Amino acid sequence: MIIHSKLPRVGTTIFTVMSGLATEHKAINLGQGFPDFPMSEELTGLVSQAMRDGYNQYSPMPGWMPLKESIAEKAHFLYGAALDPAAEITITPGGTYALYSALTAILEPGDEVIVFEPAYDSYIPNIEINGAKPILIPLVYPDYHIDWEAVKEAITDRTKAIMINTPHNPTGAVIREEDIQQLRSVVEGRNIFIISDEVYEHLIFDEIPHLSLLRYPDLFQRSFVCFSFGKTYNCTGWKLGYCIAPAPLMKEFVKVHQFNCFSCFTPAQVALAAFLKQKEAYLSLSSFMQQKRDYFIKLMEPTRFDLLTSHGSYFICAQYDRISDEGDMDFAVRITKEYGVAVIPVSAFYQSGKDDRVVRFCFSKKEETLETAAGRLLKL
Ligand code: PMP
Ligand code: GLN
């Protein structure tokens, strides 16, 4: 049989590659982003309870209504958004799926989508599989801010959407009010959608507010805003998230969703409907994770890595040009094998393979994991 690949340039994701290598070489995995500490026992207890209480059949296609109501309450409390939970929220199997469904709902062949690089690795294949074209704009190294002049120059009649990710993976950069003003001036009067990846909404440090697009009614009316419970509650393996969009946009999103996943794991939705009401559980995440970031920075000080700034996510990038002039992929593979610490080469987030000799570390780990890893990296 001959299969004409719809994604001929796509290989295996860097997360799978580096996690595989970490397992093979028994390395500490600071590559793929996931916590190595336990999630809330109260939340796992609520899931077990929901199963025992008989919530084991399909939930409604767009999601369990009490959960959607809790999400709407939270969005109102945090961002002042007045949402209709029935028409504007859909529960999805993870944030990645929400992004894919949003793109699939709006894209037609030939459309262009503005993507900032380094870009989370699912964005470009998600655009291309829909027959659309990513228009790549580099974030400005080393603080990875958006070059809005470049965005303005890249806009054409075919521009269908702009993808935003704040806090940003892999760099930890965050969007500020000036960016919101610029974004507004770019899209105003044009039929351009915004896909806003806000899976790290609660992982933002240094007292910087998270500028969710839910805060801005004029921008929200053209936005699909995507979230992940995996990041908020330290349970990436749950693959549960949601998309928020105004009703006419959500109507199209749901058409894609209903014939793809249809509905998500019911017991977790029942549990989260109650757990989401505990504000402290999500509000405490930023200081908890900031402590980990700061501890990792301190541990890495005596090494020859030069850490870049991270204001959010659970990642921090580092230059290693005082250690080696190898390409970042070779370097990442070598330190996994020889020093027992897996990292992600940042060139994997560029279509061109642009290599600034930067690797990404995940610091969402127990203190002892970070200590052991830093001890090994000190030998480099
Ligand atoms: N977007 C970004 C930027 C991410 O880092 C992740 C984490 N995997 C996701 C989306 C997807 O989240 P999920 O695991 O819920 O699909
Ligand atoms: N978001 C995680 C990261 O950036 C990984 C997700 C995945 O493995 N697909 O590391």
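Structure values in brief
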item	result
Projected label distance in nm at residue 152 and residue 26, using a 7 Å step from Cα toward the beta-carbon	5.8 nm
Gaussian network model of the chain, Cα within-10 Å springs - most flexible of 173, 161, 274	274
Fraction of the pair-distance distribution of the stretch 1-157 above 18 Å, Cα-Cα pairs, percent	76 percent
Size of the stretch 265-368 as Cα extents on the principal axes (Å, biggest first)	51, 31, 24
Apportionment of accessible area to carbon and sulfur, the stretch 25-92, percent (1.4 Å)	56 percent
Cut-off 14 Å between beta-carbons: net charge of the residues surrounding residue 69, Lys and Arg +1, Asp and Glu -1	0
Inter-site label distance for residue 15 and residue 44 at 7 Å from Cα along Cβ, in nm	2.1 nm
Low-density loop positions, trypsin sites (Lys or Arg not before Pro), the stretch 307-376 - DSSP coil, at most 11 other Cβ in 10 Å	322
Average accessible area per residue (Å²) across the chain - probe 1.4 Å, nucleic acids and ligands excluded	43 Å²
Nearby aspartates and glutamates by direct alpha-carbon distance to residue 292 (threshold 12 angstrom, same-chain neighbours under 8 apart not counted)	367, 368, 371
Filter on 6/74; 160/279; 26/239; 68/160 - keep pairs with C-alpha separation over 30 Å	6/74; 160/279
Extension gain, residue 129 back to residue 280 (0.36 nm per residue minus Cα-Cα distance, nm)	50.4 nm
Computed over the chain: relative contact order in percent, which uses C-alpha pairs under 8 Å that are six or more apart	26 percent
Sum of -39500 (n - 2.57) over DSSP H runs of 4+, divided by residues of the chain (222 nm, nearest 500)	-11000 deg cm²/dmol
Convex hull (Cα only) mean projected area of the stretch 196-281, reported in nm² to one decimal	6.6 nm²
Net length gained if the chain between residue 190 and residue 252 were fully extended (0.36 nm per residue, minus Cα distance)	20.4 nm
Of 305, 361, 229, the one that fluctuates the most in a GNM where the chain has Cα springs shorter than 10 Å	305
Per-bin percent of Cα-Cα distances, the chain [10 Å]	5, 24, 33, 26, 12, 1
Stokes-Einstein D for the stretch 55-107, Kirkwood Rh over Cα pairs, 20 °C, 1.002 mPa s (µm²/s)	175 µm²/s
Under 21 Å from the Cα of residue 298 - lysines, other chains or at least 8 residues apart	365, 366, 379
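The values are calculated or read from the model by the stated rules, or taken from the named source; none is laboratory data. Computed from a prediction, not measured in an experiment: that's the story for all the values here. So basically every Cβ, Gly included, is an ideal-geometry build from the backbone, and we count neighbours across all protein chains shown. Please note that ligands, DNA and RNA were not included when accessible areas were found on the heavy atoms of the full protein model with its side chains. Shrake-Rupley method; radii C 1.70, N 1.55, O 1.52, S 1.80 Å.
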